[in-house]
Amino acid sequence: MSKYNVIGTRVHRVDGPDKVTGKAKYTFDMVLPNMLYGKILRSPHPHAKILSIDTSQAEKLIGVKGIVTGKDTLGKKQGIWRRFPELCDEEMICRSKVRYIGDPVAAVAAVDEDTAAEALDLIEVEYELLPAVFDPLDAIKEDAPQVHEGVELNINVTRHIEWGDVDEAFKQCDLVREDHFRCSSQAHVCMETHDAIASFDHSGKLTVWTSTQAAYYMQVLLADMLGLREGDVRVIKPPTGGGFGSKFELDSAQFCASLLSMKLCQPVKIVFTREEEFTASKRRTPMIYYTKLGAKKDGTLLAKEVRVITEGGAYTSMGATALYLTGFFSSFPYKYPNYRYDGYRAYTNTAPTSAMRGFGAPQAVFVGESQIDMMAEELGIDPVEIRRRNGMTPNYEVPGQANIQSCGLHQCLDKIEEHIKQRGKLPPNRGIGIAAYGFMSGGIFNWFDTPYAFSAAVVRINIDGKVDLFTGACDIGQGSDTTLSMICAEELGVRLDDIRIHAADTGICPPDLGAWGSRETLMNGNAVKMAAADAKRQLLEFAGAKMGANIVYDLDIKDRWVHLVDRPQKGLSYFDVVKEAIRGKDGEAIMGRGHYTPHRKGMISPAYSFGVQAAEVEVDPETGRYKLVNVTTAHESGTVINPVGIEGQLEGAIMMAGGYGFCEDQPMDNGKILNPSIGDYKLIRSLDMPETKILEIDTYEPEGPFGAKEAGEGLTNPTAGAIGNAIYKAVGVRIHDLPITPEKVFRALRAKEQARSSK
Amino acid sequence: MKKELKLTVNGQPYELYVKPGTLLVEVLRNELDLTGTKRGCESASCGACTVSLNGMAVKSCTILALQADGGDILTIEGLAKGTELHPLQKAFLDHGALQCGFCTSGMLMSAAGLFHEKPTPTLDEIKEAIDGNICRCTGYNSIIRALSAVARGEYKEQR
């Protein structure tokens, strides 16, 4: 029998009934009395000075209630890296210069969306076009146009990571490989586009309902950009239709709706069109990789050197973090004794690049896992074996960077090896490729400079035993409301339906940094567990007194039964204890508080997940077309809190990461994204989806709640690399740039054939 | 010039006046406040707006409201009968076939259309029926498992 009653069980999502019946009200669905509709005018030019804006014709249009331009703002620039003011570089409405096609220049509020859209056409903006730069390798040339004044060579951020003696180590290697890769961009494609309803009232308070991954960040950033006190800004996250990294920065829907509402004292709603979602929200960071890997004959990896240049787009956004993490995760999941990373993020006149699920790691893993397979082949070593020889193990310290506690990489490798054996001899043009990976369970870095704990929770037990759980965690679909309710119920010793969660409303919930960096299960989970333990302790004090138990006995609560741990049959009903405890506290409900901030856990994350994935492809050598047949993953997340949730994360990651490897891309022409619609942007659909299999690995993470760690983003890391390696196994061609389209496979096959016939 | 439109939605007859260019999805969401039906694109390519029109799954953003005049429409709000969830809804909950939930209404209505036509669809028919519905969260396989369980008769309608 499991020692747990709630965690590890298969439950319905707590928000499931509302979502399957259509009752769940997203920001997209909400209508407030007297509400206006806003639209944003965006730059059609990649780089231009704004000479003048004439809104007079638009103002005359019947139904238009207000127009704002950069002149109506405080003239501030914002960003998430608030510890570094020079990296807060984004105006929410441009005042004097636009830097990409989609940069906001004005916003209109009108009685309906059609009127607002019509008004946009009547706003006259006079631009002076400036030379623009699109490719990061062009942007860092001496004579390149400057995207931001005073930023030398358009280099926005640099990152350096180093340990050991890399140059000396390469001299000792039997084999050194140098390779070059390019990783493409990717759109998040949240099914609910960015949207917000802002309502400013005459008492000076602003309430914003918005589709966000970080309600607390939005509260702080809106207050700062609008000149309000944080406490006068309340951000509420209704059910949210996906985020994937695109919704934890301040966006123009939130800002423009708020600014217009402050001007008009009426609620204003702005919803991004799908085209705006593709062109004017952020996207995965494209990266150019130069990587050098050195090994001994026996496959021991001695040194790795990585240089990366990323296409930053027009603003810093979270791209600085992606630059850092791609460097850190390029060393994963191996024990390199010597490692050096230099990353450069270049400003370009393209849509800003930022966080997307995996946050720089999918790029690192595609490159690293392609190269390690190439190395293994050249050394004549099996791909599983080379990974086993160098893979991280529990309690490994990444020199000067990170302390890894739990690590199940070797179990994952064993399981995947077994899986490959079971598949037996494959028919021609079929291949299985593998990729190993690891990921963080939330970031330790506090570039946002919050003075609050990273996560916090409050538990209130009411007279009927029902528990209100207050947390700032943001459920964007990944299921944190369910997982955190499960943690609360388990710790308190009640049932899941005893919990009612209130999340992501800055007016009533404690601050939380939000749903990014795979942080909610570990960080918010720890806060919730602590709050529940605090509340439980108060109940047990009453129960202990009531039962007159010898004080050497421990009490606990399981499944609503308050009892002696050593004599579980001796106890009291949870409901009775709650009633008496509240009476005994002079009628005060039982309140428990918890918080979590990682301490003494290195620089990156308090815990890391690990895994190995095997992708099987079948290639048509005539056309280069290929099919993803099967994707099998051995992933370890520590203790599994919510098994249904983890399955969903895993399979969903394969759709998204498989898309990154296979078909998703954002081609551009002079800074213009050419496929800004769901019809033109190719996504994996149900008929393309491979068979998926999960191989369970048991680990226990001492830092996590009940031993749990992340299961959200890490799963996005391996698939592109595994596909690349599978294609090579199937037909012997290596694709160095993402996505691995059938066309690229076809061309590589032809090139290979020509090379053979010309010999 | 607005025109008269008669519709039955979830068993309830309505008489409305709409502009000729109004889409069915706009009438459902904006006039009848049935916001369970979503919109995820402007190119009829995501399936989030799928409803059942005279028993057939249709994308309600591809139909002018007036084209549906006299039609019998079922939206996600009409799928459950009172407190009793529809078998498809139960199967979705059991199999974790939803995450953010924004595609879920359309996904369920596409499935309802399939089961209306074929009570015991094959695996390929299930995959084809939802191929027009984009889900960015689940990777589809949990949805396919849920629908397969319904096709196997594991969820009997209790009516």
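Things to note:
- Test for A:Ala473: is it farther than 30 Å from A:Gly624 by Cα, away from every other protein chain (no Cβ under 14 Å) and in a loop (DSSP other than H, G, I, E, B): yes
- The test for being over 28 Å from A:Glu377 (Cβ atoms), within 13 Å of another protein chain (Cβ to nearest Cβ) and under 18 Å from the mean Cα position of the chain (by Cα) does not hold for A:Gly658.
- Applying the condition of being farther than 21 Å from B:Cys103 by Cα and among the hydrophobic types (A, V, I, L, M, F, W, C) to the stretch B:1-23 and asking which residue is nearest to the other protein chains (Cβ to nearest Cβ) yields B:Val18.
- Filtered residue count, the stretch A:476-524, keeping only those that are on the phi < 0 side of the Ramachandran plot and either free of Cβ contacts under 8 Å to residues at least 12 places away in the same chain or part of a loop (DSSP other than H, G, I, E, B) (or both): 16
- Filter result for B:Phe102 (under 15 Å from the mean Cα position of the chain (by Cα), assigned by TED's automatic domain parsing to the domain that holds B:His116 and in contact (Cβ under 8 Å) with a residue 60 or more places away in the chain): yes
Results for (1) under 17 Å from B:Asn10 (Cβ atoms); (2) within 7 Å of chain A (Cβ to nearest Cβ), shown as yes or no for each residue.
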site	(1), (2)
B:Thr83	yes, no
B:Leu88	yes, no
B:Leu98	no, yes
B:Ala112	yes, no
B:Pro119	no, no
B:Ile134	no, yes
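- Across the stretch A:33-68, the number of residues qualifying as under 36 Å from the mean Cα position of the chain (by Cα) and surrounded by fewer than 20 Cβ atoms within 10 Å (Cβ to Cβ) comes to 5.
- Qualifying residue in the stretch A:656-666 (condition: in the same structural domain as A:Ile416 (by TED's automatic domain parsing) and without any contact (Cβ under 8 Å) to a residue 40 or more places away in the chain): no
- Qualifying position, being outside the structural domain of A:Lys205 (by TED's automatic domain parsing), surrounded by fewer than 24 Cβ atoms within 10 Å (Cβ to Cβ) and farther than 28 Å from A:Gly442 by Cβ, among A:Lys292, A:Lys263: A:Lys292
- Residues satisfying the stated conditions in the stretch B:121-132, i.e. under 23 Å from A:Phe28 (Cβ atoms) and more than 7 Å from every other protein chain (Cβ to nearest Cβ): B:Gly132
- Residues of the stretch A:222-260 satisfying the condition of being hydrophobic (A, V, I, L, M, F, W, C), over 17 Å from the mean Cα position of the chain (by Cα) and within 26 Å of A:Ala24 (Cβ to Cβ): A:Leu222, A:Val233, A:Val235, A:Ile236, A:Ala253, A:Phe255, A:Cys256, A:Ala257
- Restricting attention to the stretch A:679-694, the residues that are over 16 Å from B:Arg145 (Cα atoms), charged (D, E, K, R) and either over 22 Å from the mean Cα position of the chain (by Cα) or at the interface with chain B (Cβ under 7 Å from one of its Cβ atoms) (or both) total 1.
- Subset tally (residues that are of a type in the set (Gly, Ala, Ser), within 14 Å of another protein chain (Cβ to nearest Cβ) and touching a residue at least 12 places away in the same chain (Cβ under 8 Å)) for the stretch A:17-55: 1
- Of the residues making up the stretch B:24-50, those that are more than 10 Å from chain A (Cβ to nearest Cβ) and either closer than 19 Å to A:Thr193 by Cα or buried (at least 22 other Cβ atoms within 10 Å of the Cβ) (or both) are B:Leu24, B:Val25, B:Glu26, B:Val27, B:Leu28, B:Cys49, B:Thr50.
- Some residue of the stretch A:232-251 being assigned to a loop (DSSP other than H, G, I, E, B), within 14 Å of chain B (Cβ to nearest Cβ) and more than 26 Å from A:Pro676 (Cα to Cα): yes
- For the stretch A:543-554, filtered to residues that are touching a strand residue (DSSP E or B) at 6+ places or on another chain (Cβ under 9 Å) and assigned to a helix (DSSP H, G or I), the residue that is surrounded by the most Cβ atoms within 10 Å (Cβ to Cβ) is A:Ala543.
- For the condition more than 12 Å from every other protein chain (Cβ to nearest Cβ), of a type in the set (Lys, Arg) and surrounded by fewer than 24 Cβ atoms within 10 Å (Cβ to Cβ), A:Lys672 qualifies.
- Pick from the stretch B:62-76, criterion crowded, with 21+ Cβ neighbours inside 10 Å and away from every other protein chain (no Cβ under 11 Å), ranking: nearest to B:Ala111 (Cα to Cα): B:Leu74
- A:Lys601 meets the stated requirement of being of a type in the set (D, E, K, R) and modelled with pLDDT under 95.
- Looking at the stretch B:23-105, the strands (runs of 3 or more DSSP E) lying wholly inside it that each contain 1 or more residues that are small (Gly, Ala, Ser) sit at B:50-53, B:56-59.
- A:Ala527 vs. criteria in a helix (DSSP H, G or I) and assigned by TED's automatic domain parsing to the domain that holds A:Gly477: yes
- Test: residue in the stretch B:144-157 that is in contact (Cβ under 8 Å) with a residue 24 or more places away in the chain, in a helix (DSSP H, G or I) and facing chain A (nearest Cβ under 7 Å): no
The values are calculated or read from the model by the stated rules, or taken from the named source; none is laboratory data. No experiment lies behind these values; they were computed from the predicted model shown. A quick note on method: Cβ atoms are made from the backbone with ideal geometry, for glycine too, and the neighbour counts reach across all protein chains shown.
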